[in-house]
1. Could you estimate the translational diffusion coefficient of region 54-202 from the Stokes-Einstein equation, with Rh from the Kirkwood formula over C-alpha pairs, at 37 °C and 0.692 mPa s, in whole µm²/s?
2. Cβ neighbours within 10 Å, averaged per peptide: list 75-84, 55-64 in order, most packed at the top.
3. When the helix-only estimate is applied to the chain (DSSP H runs of n ≥ 4, each -39,500 (n - 2.57), divided by the residue count), what is the mean residue ellipticity at 222 nm, nearest 500 deg cm²/dmol?
4. Can you check how the C-alpha radius of gyration of region 38-128 compares to 2.2 N^0.38 Å, as a plain ratio?
5. Gain in length, N136 to L60, computed as 0.36 nm per residue apart minus the alpha-carbon separation, to one decimal in nm?
6. Provide the per residue accessible area, probe 1.4 Å, for region 66-144, rounded to a whole number of square angstrom.
7. Percent of accessible area on the chain owned by carbon and sulfur, 1.4 Å probe?
8. Would you work out the charge dipole size for the chain about its Cα centre, treating the Cβ of every Lys and Arg as +1 and the Cβ of every Asp and Glu as -1, and quote it to the nearest 20 debye?
Amino acid sequence: MSPVAAYDRNPYSTGRVISTVRTLMRSDGLDVSLAAIARACGTTRNFLYSNWRSLSALHLRALQTELAHAFDTADRTHPSDGTVPGITEHLSQVVRLIRRHPTTAAVARSSPRAFSAAHTATDGPLVQVAAERVSNLLHPLVPHGGVWGDPALHSRPWKILWIARPAALCPEAVGDQCREDTLDRAFTELLHDLLAPWATTR
């Protein structure tokens, strides 16, 4: 058995636990219980409590992983070349992936209040993950210093998140091509406007 296979089969490994939570959340969203996670992993609730302290911590880690996975998938299919058009296409793909992800719909269905709050959250671990990923994408727009070297660019990740969430957190649009196209077009146009000052810097 390879080390990777052994890691995946170990019911006590962090990778196995989070992978299991991710799978369960794609159907049940935030309604996934600690008992269900323990049963699917082949561990116990006591083990999960002792290592994760709370059910919400497991949900959060799974959501952070799914968010990072969306950016990684977009990087494979629509990689950014460091220009405004490349960054725009990459982030547009991230928005589509999140909107169409089963976990997005499951969380919206299972926890409408929490899902609604996500549209306007200004801080928190998920916001931080997204902001860091967007900052990394914007960095090439200013060769010397990146987002830290340009105060105007430094403000853009948060502004981009603000316009991205309505388009990404809209699972009810999935399957309606006209509505999805409208969301994608609106996000792309707003993103282009936000990044227009850097469009000719390279």
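1. Working: Rh = 15.8 Å.
Answer from the Stokes-Einstein relation: 208 µm²/s.
2. Working: 75-84: 14.7, 55-64: 18.1.
So the peptides 75-84, 55-64, ranked by packing, come out 55-64, 75-84.
3. Numbers: 13 runs with 148 residues, N = 202.
Dividing the helical sum by the residues of the chain leaves -22500 deg cm²/dmol.
4. Details: Rg = 16.0 Å, N = 91, 2.2 N^0.38 = 12.2 Å.
In units of the 2.2 N^0.38 Å rule of thumb, it is 1.31.
5. Working: separation 76, 0.36 × 76 = 27.36 nm, distance 2.19 nm.
So the chain would gain 25.2 nm between N136 and L60.
6. Numbers: 3770 Å² over 79 residues.
I get 48 Å² per residue for region 66-144.
7. On the way: 6010 of 10710 Å².
So the carbon and sulfur contribution to the accessible surface is 56 percent.
8. On the way: 21 positive and 18 negative charges, 151 e Å.
Approximately 720 debye in magnitude.
The values are calculated or read from the model by the stated rules, or taken from the named source; none is laboratory data. Quantities reported herein were computed from a predicted structural model and do not represent experimental measurements. Cβ: placed from backbone, ideal geometry, glycine included. Neighbour counts: every protein chain shown. Surface areas here come from the heavy atoms of the whole protein model, side chains and all, with no ligands, DNA or RNA. Shrake-Rupley method; radii C 1.70, N 1.55, O 1.52, S 1.80 Å.
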